[in-house]
Amino acid sequence: MIILTVVGARPNFMKAAPIIAAINERNERIPANGAGRGERSPETIRHIFVHTGQHYDEFMSGSFFTDLELPKPDIHLGVGSGSHAVQTAEIVKKFEAVLLTEKPDVVVVVGDVNSTLACALVTAKICFDSAGSRPVIAHVEAGLRSFDRSMPEEINRILTDHVSDLLFVTEESGLQNLQNEGISPDKIHFVGNTMIDSLLAFKEKAEASTVLDKLKLRLNARGNGGGKSICRYALLTLHRPSNVDNRSAFLNILDGLEDLAADCPIVFPIHPRTRRRVQEFGLQSQLGLNEVEVKPNLAMSGEGLRNIILTEPLGYLDFLCLMKHAALVVTDSGGIQEETTCLGIPCVTVRESTERPITIESGTNVLAGTQKEKIRQAVRRQMATKYCNERAPEKWDGQAARRILDVLIRTQLAKTSSQQSLILQACV
Ligand code: UD1
């Protein structure tokens, strides 16, 4: 059996890593019976790892491979940045050639980025032979809906789900959404969350990160006493086009964070899109910057939000360490809402909608919207609340990737046996 897994952008890496680990783990358990020296058992899964190159630099991609112990991709499409159309089209063109050469049995796509949709679309239309055979398309993190079609990710989610053969769902809302859209229940599998598999696998390792020392967030490092205590700080990420591509929207969010910045330092690992906008819109002073350039690892000391610690985008383990010890996380990311839920860390989501309602129902997340007063209120409320992580969402237990692999293998076995019975019938 050949499984091909696609990754492209930052949030894909932690969702795909546990699936690759589960494949390796399973291969290691297979006895070499029947196979000769150096030969593979017929049960061994051959895995092909494809990186589209949607994200390509060390901060957005490279460091994640090291942190998540991911193998080097077998195939790198090197598509890079571009408009949605150009980026998607480049992936489509290059991925078709990969499929025709490798002819996998299953293509696994994860999440909701342009690479997810592009590769699912190619797989849905490929024909390996005159019988029209093609790989099974497995979508990991299916069924999430923000019901906001102005988000590129929402379009990617809907289209990917509707061309997929196996839909792996992370939370109950996904089951309901897919059912409402008329997707056949036998395609849908509620397996849990592979992003949480990664979080649980790497949570302890993240403690060895030196990021708190580097950012001077240890009390002793700040000269406030000898112990190893950690400063009270908040963590901020912002990169949604709707939040940062418009000057007044971006400014409004920064204004909403003024009280928080007065209360404690805010660590802000800045996404390349956001960084560009800060310079383009001349928002340096609102971030407390004196510099025209947004320099890496620069502690702030200028006007405006004085207490912001700006950094480059961080690697997986550094970011996980910062999330674990934060008093509050403010974000417009999807995955961070889930990670903070699992860690029991209060989160304020600066968006009008979330495709992950479980993080609000049973988690620590609050949807604040994007108006400054609402953000201020949500921050105040969350900073005053004490949480404990007593109710992890159903199946967020570190086993999602193993469940997915079981379904993939069962599906392949069923496909092979139905092909064999067709051959037998033809021979009779
Ligand atoms: C993409 C995903 C989004 C995800 C986000 C995580 C889509 C539609 N969006 O958005 O869902 O939350 O990734 O980051 O797929 N750039 C670099 N280095 C890189 C990659 C990008 O500097 O390695 C710059 C490029 O100039 C690019 C910009 O960042 O124009 C944005 O990257 P892009 O891949 O277009 O979208 P994201 O906003 O990152």
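None of the figures in this text is laboratory data; all of them are computed from the coordinates on show. Keep in mind that what you see is a predicted model, and the values were worked out from it rather than measured. Here the Cβ positions follow ideal geometry from the backbone for every residue, glycine too, while neighbour counts run over all protein chains shown.
For the residues PHE13, PHE281, PHE128, what sequence is obtained by ranking on other C-beta atoms within 10 Å, fewest first? Walk me through the numbers on the way to the answer.
On the way: PHE13 25, PHE281 16, PHE128 13.
With the fewest neighbours first, PHE13, PHE281, PHE128 line up as PHE128, PHE281, PHE13.
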Quiz prompt | GNM result for the chain, Cα springs below 10 Å: residue of GLY132, GLY344, GLY82 fluctuating most strongly | solution = GLY132
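Could you work out the relative contact order of the chain, using alpha carbon pairs under 8 angstrom and six or more residues apart, expressed as a whole percent?
Details: 808 pairs, mean separation 62.3, N = 428.
Result for the chain is 15 percent.
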Self-check item: Cα long-axis angle, helix 400-427 against the chain (0 to 90 degrees, to the nearest 10)
Solution: 20 degrees
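Kindly work out what percent of the DSSP beta bridges joining two residues of the chain are antiparallel, to the nearest 5.
5 percent
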Exercise. Given the peptides 350-362, 245-257, arrange them by the average over their residues of other C-beta atoms within 10 Å, most packed first.
Key: 350-362, 245-257
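How would GLU90, GLU394 line up from fewest to most surrounding beta-carbon atoms within 10 angstrom?
The order, fewest Cβ neighbours first, is GLU394, GLU90.
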Quiz item: aspartates and glutamates within cross-link reach of LYS372: Cα-Cα under 20 Å, excluding same-chain residues under 8 positions apart?
Solution: ASP245, ASP255, GLU258, ASP259, ASP263, GLU303, ASP332, GLU352
Exercise. Just need the relative contact order of the range 340-390 here, percent rounded to a whole number, with Cα pairs under 8 Å and 6+ apart.
Key: 43 percent
Quiz prompt | All lysines inside 20 Å of LYS94 as judged from Cα atoms, apart from same-chain residues fewer than 8 positions distant | solution = LYS72, LYS103, LYS125
Quiz item: Taking a ≥ b ≥ c as the square roots of the eigenvalues of the Cα gyration tensor of the chain, is the shape rounded (a/c under 1.5), prolate (a/b larger than b/c) or oblate?
Solution: prolate
Quiz item: What lysines sit close enough to LYS386 to cross-link, taking a C-alpha to C-alpha distance under 16 Å and skipping anything fewer than 8 places away on the same chain?
Solution: LYS324
Quiz prompt | Which of MET195, MET383, MET323 has the fewest Cβ neighbours within 10 Å, and the rest in rising order | solution = MET383, MET323, MET195
